[in-house]
Structure formats: C-alpha cells, structure tokens
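Undergrad: There's a structure below that I have some questions on.
A short reminder: the numbers here are calculations on the coordinates, not readings from a lab. As the structure is a computational prediction, the values presented were derived from the model and not from experiment. Cβ sites come from the backbone with ideal geometry, for glycine too, and all protein chains shown count toward neighbours.
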Amino acid sequence: METTLQSFTVKNTQNTVAVKSKAKSDFWAQVEFNRFGISPAILTIVVCISGFAAAFAITSGVIQLAFVGFPTAVFISCIIAISPMRVIFSLAFVTLLIDFLIIALHMI
C-alpha cells in the first residue's frame, strides 16, 4: 500500500515539474519571437547605464574601466551575433550587476 502512495506522489511531482518547464519554454519561445523588439530596449538600457558607470570608472583607472567595458562589449557582440535570448538576458544581468557595483563603489 505504501508503494501505491509513493508512486502517486512521484507522478504528481513529475506533472508539476512538466507544467513549470512548459511555462518556461513558452516564455522563452515568446521572447525569441519578439527578439527584434526586446533587443533594442535591453541594448539601450545596458549601454546607457554602462556609459554612466564608465564615467565613474575612468576616474579610478584603466582596470575599473576594463571591468565595465569588457562585459558591455561581450553583450553587444552577442546581440550583433543574434545569440539566443537566454544568453542575451544573462549577459545583460551580469553587465548591469557589474555596472551597479562600480557605481556603488564610487558613491560611498
């Protein structure tokens, strides 16, 4: 009898995971479909904030400017190369994280 209960629990868990992964899959499919509308918006946000961070970073030296410039260049290269949107979103997140870190270090 315990085997039946455990089997039922496993099946329900698998169904829940399948529904969640399908929702994620549908989201990324929709983002890929709307790539040419989303990419310019992300590009504008990331490049503007990176330029602002570069203005702060140049006062401290070339090392911090490289920390700002390199992820931004990789991000722009991935947009030009039409990389998958998951990659573009991930690089945008990393780039913005580094930019905000540089800006926060100079605000202190």
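Undergrad: Below 14 angstrom from the Cβ of SER83, what's the summed charge of the other residues (Lys, Arg +1; Asp, Glu -1)?
TA: Working: positive: ARG35, ARG86; negative: GLU32.
That sum, taken over residues with Cβ under 14 Å, equals +1.
Undergrad: Something else: Expressed in nm to one decimal, what extension gain is obtained for the pair ALA81 and ASP26 from 0.36 nm per residue of sequence separation less their Cα-Cα distance?
TA: Values: separation 55, 0.36 × 55 = 19.80 nm, distance 2.31 nm.
Net length gain for the segment: 17.5 nm.
Undergrad: Further question: With r as the distance between the Cβ atoms of ILE38 and LEU105 and R0 = 25 Å, compute the FRET efficiency 1/(1 + (r/R0)^6) and round to 0.05. Spell out each step's value before the answer.
TA: Working: r = 30 Å, r/R0 = 1.20.
Computed FRET efficiency for LEU105 and ILE38 comes out at 0.25.
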